[in-house]
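**Student:** Got a structure for you, questions after.
The values are calculated or read from the model by the stated rules, or taken from the named source; none is laboratory data. The structure presented is a predicted model; accordingly, all values stated were derived computationally and were not measured. FYI the Cβ positions are ideal-geometry reconstructions off the backbone, even for glycines, and counts take in every protein chain you see. Accessible surface areas use protein heavy atoms only, side chains included; no ligands, DNA or RNA. Shrake-Rupley method; radii C 1.70, N 1.55, O 1.52, S 1.80 Å.
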Amino acid sequence: MALGWLKRGMARYFGRDGDAVLPLYNAVVLRAREPHWYLDGAVPDTVDGRFDMIAAILSLVLIRLEAEPEGGAPSARITERFVTDMDGQLRELGIGDIVVGKHIGRMMAMLGGRLSAYRDGLAGEASTMDAALVRNLYRGEAPADPNAVPHVRTVLRTLHERLADVTLARLTLGELP
């Protein structure tokens with residue numbers, strides 16, 4: 001009982017017992033940290049840029065989970081994991097309890113907007129996806145390198161296509177193609 005705070009803290013960072021989506025969420029974060037996004041894709045290597053990249057990869061995973069009859073439960077769990085992670089990140093940045101909730105609410109709205117934009121972008125022409133990327137990864141201003149947006153678009157589309165072939169069981173184990 002005296003060490004309950006330690007157990008709660010460890011659960012926040014390492015997952016609760018039976019947290020089946022933790023490997024998947026960790027894989028999303030690792031994929032979003034790949035250097036090519038920031039080098040070849042010119043995604044800003046900032047707190048916002050890293051959030052935007054996590055949201056992009058997570059959006060593709062959520063789109064993939066929509067295809068599963070039982071995908072609702074993993075979708076909800078991975079979204080909860082995202083909230084927990086973002087809460088921890090905000091606190092590490094020094095944001096206090098009073099405003100963390102507002103920031104989390106904004107982040108969830110941003111994730112929802114990105115999910116919709118990327119769903120439309122993946123279903124549409126390259127220009128539709130490019131517009132979504134410029135708006136969401138580059139905060140409305142296209143990078144100077146004309147190859148950056150096509151690089152990100154191509155890698156995200158390839159990931160989206162490959163995710164369709166990954167079973168739900170493999171996906172929840174954190175196997176991103």
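**Student:** On a 1.4 Å probe surface of the protein chains, which of Arg31, Arg135, Arg81 comes out largest in accessible area, and what is the full order?
**Tutor:** So the residues, ranked largest to smallest area, are Arg135, Arg31, Arg81.
**Student:** Okay, next question. Counting only other residues whose beta carbon sits under 13 Å from that of Leu39, what net charge do I get with K and R as +1, D and E as -1?
**Tutor:** -3
**Student:** If I model a spin label as a point 7 Å beyond the Cα along the Cα-Cβ vector, how far apart are those points for Met110 and Asn26 in nm?
**Tutor:** Calculated label separation equals 2.5 nm.
**Student:** I'd like the accessible area for Leu122: 1.4 Å probe, protein heavy atoms, all chains in place, Å² to the nearest 10.
**Tutor:** Approximately 30 Å² for this residue.
**Student:** Please give the net charge around Pro177, taking every other residue with its beta carbon less than 13 angstrom from that of Pro177, where Lys and Arg add +1 and Asp and Glu add -1.
**Tutor:** Here the charged neighbours net out to +2.
**Student:** In nm, give the distance between the simple-model label positions of Ser127 and Thr158, each being 7 Å from the Cα along the Cα-to-Cβ direction.
**Tutor:** Placing both labels 7 Å along Cα→Cβ, they lie 2.6 nm apart.
**Student:** Run the 1.4 Å probe and let me know the accessible area of Ser75, rounded to the nearest 10 Å².
**Tutor:** 20 Å²
**Student:** What distance in nm lies between label points placed 7 Å from Cα along the C-beta direction at Arg139 and Val83?
**Tutor:** Between Arg139 and Val83, the simple spin-label model gives 2.6 nm.
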